[in-house]
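A.B. asks: Take a look at this one; I'll ask things after.
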Amino acid sequence: MTSLSSRPGTTFEVHPGRGAFNAAFFAVMGPYIEWNVRAHKQRLFADLPRTVVELGSGVGANMRHLAPGSTLVAVEPNAPMHRRLRAAAAADHGVDLDLRETVAEHTGLPDRSVGCVISSLVLCTVADPAAVLAEVRRILRPGGTYRFVEHVAAPAGTPTRALQRALRRPWAWTFEGCSCERDLAVPLRAAGFARVDIEPYRLHSPFVPFNTQIAGTAYA
Ligand SMILES: C[S@@+](CC[C@H](N)C(=O)[O-])C[C@H]1O[C@@H](n2cnc3c(N)ncnc32)[C@H](O)[C@@H]1O
């Protein structure tokens, strides 16, 4: 196992076996996940600028939302994802890929240098969501946007919430630290953005712990 470390509390453990499994899983399941969330992504990612920073790009699920010829600065610490991510950029979508093998808590990008940051299904997995959101605020220039599609904890007392709790350990083990128990609207609203628009919604997939989601935009 390789540890990719930047600051204390912001490490990403690259596990060769589970990393490869997750790369294959998201390559195979990507079209199904996209089908489930496409309406939200189409709305949020409709007018992306020509240069976008993406946190946790995985194997390139969001490439299709970039115009050909765009530049994607992909912050993806998980090396087993990189081969498919590079292939998706070059062959499938004509996107110029600037791959950063680091964590979203510490992108290394300059202050106020970025117009748009996106993520999908990433704040569930990062070690420290509040640190990631502080980093997004730091790198966004005034007027810039952070656009997100994320899965979150179900309301307390619901059967979905009980299932999220029951499955938390095997789910986190399988999906490299992913938690279905995060109320991500709270750190998003606490991060100091000028404005945060959040839409909660529910999928009806067999992956029940993943069905409670939010999509929205935070404005720097
Ligand atoms: C569930 S996958 C989602 C991938 C992709 N965004 C998608 O929608 O298919 C979570 C991704 O976040 C990445 N990740 C985990 N911790 C991270 C961190 N601290 N910083 C940046 N990316 C991280 C993982 O390597 C993985 O690619």
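A.B. asks: Among (1) assigned to a helix (DSSP H, G or I); (2) buried (at least 19 other Cβ atoms within 10 Å of the Cβ); (3) at pLDDT below 95, where does Met81 come up short?
C.D. replies: (3)
A.B. asks: So, in the range 184-215, exactly how many residues are farther than 22 Å from Val103 by Cβ, surrounded by fewer than 19 Cβ atoms within 10 Å (Cβ to Cβ) and in contact (Cβ under 8 Å) with a residue 12 or more places away in the chain?
C.D. replies: Looking only at that region, the number is 12.
A.B. asks: Quick check: is even one residue across the range 26-41 under 24 Å from Gly177 (Cβ atoms), of a type in the set (Phe, Trp, Tyr), at pLDDT 95 or above and outside any loop (DSSP other than H, G, I, E, B)?
C.D. replies: Yes, the range 26-41 contains a residue that is under 24 Å from Gly177 (Cβ atoms), of a type in the set (Phe, Trp, Tyr), at pLDDT 95 or above and outside any loop (DSSP other than H, G, I, E, B).
A.B. asks: Applying the selection to the range 42-63, what residues are outside any loop (DSSP other than H, G, I, E, B) and touching a Lys or Arg at 6+ places or on another chain (Cβ under 7 Å)?
C.D. replies: Once the filter is applied, which keeps residues that are outside any loop (DSSP other than H, G, I, E, B) and touching a Lys or Arg at 6+ places or on another chain (Cβ under 7 Å), the range 42-63 yields only Leu44.
A.B. asks: Since Ser119 meets every condition but one in (1) among the polar types (S, T, N, Q); (2) buried (at least 22 other Cβ atoms within 10 Å of the Cβ); (3) in a loop (DSSP other than H, G, I, E, B), which condition does it not meet?
C.D. replies: Looking at each condition in turn, Ser119 falls short on (3).
A.B. asks: For the range 94-112, check the following and say yes or no: at least one residue is part of a helix (DSSP H, G or I) and at pLDDT below 95.
C.D. replies: Among the residues of the range 94-112, not one is part of a helix (DSSP H, G or I) and at pLDDT below 95, which makes the answer no.
A.B. asks: Also, I was wondering about something else. Across the range 56-73, which residue is farthest from Gly108 (Cα to Cα) among those that are more than 9 Å from the ligand (Cβ to nearest atom) and crowded, with 24+ Cβ neighbours inside 10 Å?
C.D. replies: Per the criteria, the residue is Leu66.
A.B. asks: Let me ask you something else. Just need a number here: residues in the range 151-202 that are part of a loop (DSSP other than H, G, I, E, B) and not acidic (Asp, Glu).
C.D. replies: Residues flagged as part of a loop (DSSP other than H, G, I, E, B) and not acidic (Asp, Glu) within the range 151-202 amount to 19.
The values are calculated or read from the model by the stated rules, or taken from the named source; none is laboratory data. Note that the structure is predicted; figures quoted are calculated from it, not measured. In this analysis, Cβ positions are derived from the backbone assuming ideal geometry, glycine residues included, and neighbour counts consider all displayed protein chains.
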